[in-house]
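Have a look at the structure below before the remarks.
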Amino acid sequence: MSGRSLLDKVWDAHTVRELPSGQTQLFIGLHLIHEVTSPQAFAMLQEMEARVRFPERTFATVDHIIPTHNQERPLADGLAEEMMVALEENTRAAGIHLFDAKSGHQGIVHVIGPELGLTQPGMTIACGDSHTSTHGAFGAVAFGIGTSQVRDVLASQCLALARPRTRRIDVTGKLAAGVYAKDVILAIIRRLGVKGGVGFAYEYAGPVIEALSMEERLTVCNMSIEGGARCGYVNPDDTTIDYLRGRPYAPEGDAFERATRWWRSVASDADAAYADRVELAGDRIAPSVTWGINPGQSVAVDERLPLPGELPDDERSAAEEAYGYMGLRPGEPLTGTAVDVCFIGSCTNGRISDLREAARVARTGRVAAGVKALVVPGSQAVARQAEEEGLPEVFRSAGFEWREPGCSMCLAMNPDKLVGRELCASSSNRNFKGRQGSPTGRTLLMSPAMVAAAALRGAVADVREVL
Ligand code: SF4
């Protein structure tokens, strides 16, 4: 008999029972909430006259709607203020811990969970947000849920779910200089497609993944959902355990050693069976940029854009639609395409290591005339660390704006929005039509270092030529 994957071990350990529908009633170890998807769930709970079953397993923060310019209360936007007040009242009434702006730990939900040590290997983690897959970097089974499922977790700490199949993705070799975790996940999604992962959990493995830091693994897992996967994870190892030691919510002393044994035990067995296996050559991954309206439409920065006729039949009409929307020309390279806005931040790439890499680039020049460039730390802890290292000054003196933590221009549910047809070089995770706040705004996804390079050149540039 073959061994088991992490997905199967964690799933089995959290199974309450198998339901007649064929789904599993799965216990959720950690539930994360924010201001956008929780108010309705709390309202539904109230209607049911139910209470929060395990308040100590839910943690809240504010991220989507919080402005990054001025976070003073009451917020200038009345609706945003209302959502903040609702979250404060709901969490207070239920006894749920809220990391608000006064706490010193506020930030994007997928940034603060890991940095606080709330996210741990072997857990099941749910959050009313698509990018909950981020937490899989620790060897957790983590997925986004809808509002009625947020209600279900609040009421019962359980969800009815179908077990995904597991696809192992090995990234071999070694990354070249100027190639980052963002390029790895863009290359994976380009190869497997934005729907290629439907019904799957992605297990990321191989020498490139093993060599990544925890923050880089978070970037890879963050975009699993963009490849259609239910969740994505990396098996816990020494890197995971070293990262967790000393974090505020990680176990301490003997309990940490006991937890370590459990964490290591949930890693996939060497002879685990997978529904599918894929291999990518890490040495061949180049700095990547999206050119279309989904994250699978990307090229290496020095590659020309594909002609629709060269693409597989099922990608052709999406490519034509993308070219129509983006105003880019098939057959031409993206390098040199003028950008209006440059955004460094988000739950994909708003961590300290991202800001350090972007700052390395920012030190080499000044933001080009006419370009608006924003740096938005993913959390207050990231901002503090950046301040200790003098990064805000590096960015400011190069002409970038340094902002307060939040989701900012990733989704633009706050004042940071594109205007008209502006083209934005962005370190976020979605390039959908209108994603960054203007119905006609356009997004090019890339690594934070590449965004910084675009800011200095005023156009898409190859970071390898800047560093
Ligand atoms: S940074 Fe973007 S993708 Fe991440 S939680 Fe915020 S809005 Fe969602």
(request) Mind telling me which of the residues D242, D276, D237 ends up being modelled with pLDDT of 95 or more, within 22 Å of the chain's Cα centre (by Cα) and open to solvent by less than 60 Å² (accessible area, probe 1.4 Å)? (result) D237
(message) I need the helices (runs of 4 or more DSSP H) fully contained in the range 7-126, keeping only those with at least 2 residues that are farther than 28 Å from P164 by Cα and open to solvent by 30 Å² or more (accessible area, probe 1.4 Å).
(response) 39-47, 78-94
(request) Being more than 10 Å from the ligand (Cβ to nearest atom) and touching a residue at least 24 places away in the same chain (Cβ under 8 Å) is the filter here, so list the residues in the range 408-425 that pass it. (result) P415, D416, K417, L418, R421, E422, L423, C424, A425
(message) Condition check: out of contact with any Gly (no Cβ under 6 Å at 6 or more places or on another chain), assigned by TED's automatic domain parsing to the domain that holds G117 and closer than 19 Å to V153 by Cα. Does G95 satisfy that?
(response) yes
(message) Which numbered condition in (1) buried (at least 24 other Cβ atoms within 10 Å of the Cβ); (2) within 16 Å of the ligand (Cβ to nearest atom); (3) assigned to a loop (DSSP other than H, G, I, E, B); (4) not charged (D, E, K, R) is the only one that A461 fails?
(response) (2)
(message) Looking at the range 386-397, can you tell me whether even one residue there is more than 16 Å from the ligand (Cβ to nearest atom), surrounded by 17 or more Cβ atoms within 10 Å (Cβ to Cβ) and among the acidic types (D, E)?
(response) no
(request) Might you let me know whether the range 145-154 holds any residue that is closer than 26 Å to L212 by Cβ and open to solvent by less than 50 Å² (accessible area, probe 1.4 Å)? (result) no
(request) Test I225 against the stated conditions and say whether it is within 24 Å of I145 (Cα to Cα) and not assigned by TED's automatic domain parsing to the domain that holds R430. (result) yes
(message) Among the numbered criteria (1) in the same structural domain as F27 (by TED's automatic domain parsing); (2) outside any strand (DSSP E or B), which one does E215 miss?
(response) (1)
(request) Please work out if F138 is within 25 Å of N349 (Cβ to Cβ), hydrophobic (A, V, I, L, M, F, W, C), crowded, with 23+ Cβ neighbours inside 10 Å and away from the ligand (no atom under 16 Å from the Cβ). (result) yes
(request) Residues being more than 23 Å from the chain's Cα centre (by Cα) and crowded, with 18+ Cβ neighbours inside 10 Å: count how many of those fall in the range 401-428. (result) 1
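For the range 307-337, give me the residue count where each residue is in a loop (DSSP other than H, G, I, E, B) and touching a helix residue (DSSP H, G or I) at 6+ places or on another chain (Cβ under 7 Å).
The qualifying residues number 2.
The values are calculated or read from the model by the stated rules, or taken from the named source; none is laboratory data. All values derive from a computational prediction rather than experimental measurement. Using ideal geometry, Cβ is built from the backbone for each residue, glycine included, and neighbour counts are taken over all protein chains shown. For accessibility, only protein heavy atoms count, side chains too; no ligands or nucleic acids. Shrake-Rupley method; radii C 1.70, N 1.55, O 1.52, S 1.80 Å.
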